[in-house]
1. Evaluate the Debye formula for the range 130-198 with equal point scatterers sitting on the alpha carbons, no solvent, and hand back log10 of I(q)/I(0) at q = 0.27 Å⁻¹, in q order, two decimals.
2. Just to make sure I understand: if all protein chains stay in place, what is the order of His124, His140, His240 by accessible area at 1.4 Å, largest first?
3. Using only alpha carbon pairs under 8 Å that are at least six residues apart, calculate the relative contact order of the range 81-195 and give it in whole percent.
4. Using the structure shown, select from Lys170/Lys242; Lys90/Lys170; Lys93/Lys208 the pairs with a Cα to Cα distance greater than 24 angstrom.
5. Explain nothing, just compute: Karplus ³J(HN,Hα) = 6.51 cos²θ - 1.76 cosθ + 1.60, θ = phi - 60°, for every residue of the range 79-89 in order, whole Hz, x for Gly and Pro.
6. For the ranges 192-205, 81-94, what's the packing order if you count other beta-carbon atoms within 10 Å of each residue, average per peptide, and put the highest first?
Amino acid sequence: MTSRSKEKVAAAFRKLFRSPDKLDNEGAGPSGSPARRGLLRRHRDGVGPAEATASLPASPGASSLVKKKVPGATEVRDRAAAVRTRRLMKELKEIKRLQESRPDPVFTVELVNDNLFEWHVRLHQIDPESDLATDLRELHIPNILLHLVFPENFPFAPPFMRVIEPRIEKGFVMEGGAICMELLTPRGWASAYTVEAVVMQFAASVVKGQGRVARAPTRPSCEFSRRRAEEAFRSVVKTHDKYGWVTPALSDG
């Protein structure tokens, strides 16, 4: 090997085994990037992978997850109120349309004190061959007046419905005019049910249960009010949740 060849080999070995300080100085030159200098410095100072990762900037995805807004209780209530309002406006519009298009509608609706969430429903037609229909004709009672109150979480919860007049005995009608019907309970309710479905189910139930108009005077101790109806309804729901329900089909009415 010539002396010139030996010098080339020696220069190659010196370049291969240069110290970290020399590498750092070389990285600081015009061709060394800040990232390269940082890596060399961490290698020299013994910085671990975890520390190196922690020094990196947070990704855009992580920051966006932290800043994601969680809706508050007020916003949730406002959304629920909007859903309830839209649903009832839609149903009321459809019922009014049917009322105007039929000379003898099965039932009619009117708001209580212009309150969209509280309705009076007048049921004009039930099974004409039933004893209840006979009572209504004999007593010249044109319809059965129902009172519906829609909760804040309607249509995901059922309305509360009771009979106001006439006072009906049997027919799944209880104290205060409360109605014993599974469809009106949280377990039996579905958000797809409409007011029309509720009213027609009541028309079937009251006939199936052999309802009659009460002709005897009501006892003074027998309070006929919404409060009493709510108490009676809660009691019967508790009982039926324990022992089960039986609801007549619409075809039976």
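1. So the normalised log intensities are -1.23.
2. Ranked from most to least accessible, the order is His140, His124, His240.
3. Relative contact order, the range 81-195: 19 percent.
4. As for pairs spanning more than 24 Å Cα to Cα, those are Lys90/Lys170; Lys93/Lys208.
5. Working through the residues one at a time gives 5, 5, 5, 5, 5, 4, 5, 4, 5, 5, 4 Hz.
6. Result, highest mean first: 192-205, 81-94.
The values are calculated or read from the model by the stated rules, or taken from the named source; none is laboratory data. The shown structure was predicted, so the numbers you read here are calculated from the model rather than taken from an experiment. Here Cβ is always computed from backbone atoms with ideal geometry, including for glycine, and neighbour counts include all displayed protein chains. The accessibility values were calculated without ligands, DNA or RNA, using every heavy atom of the protein model including side chains. Shrake-Rupley method; radii C 1.70, N 1.55, O 1.52, S 1.80 Å.
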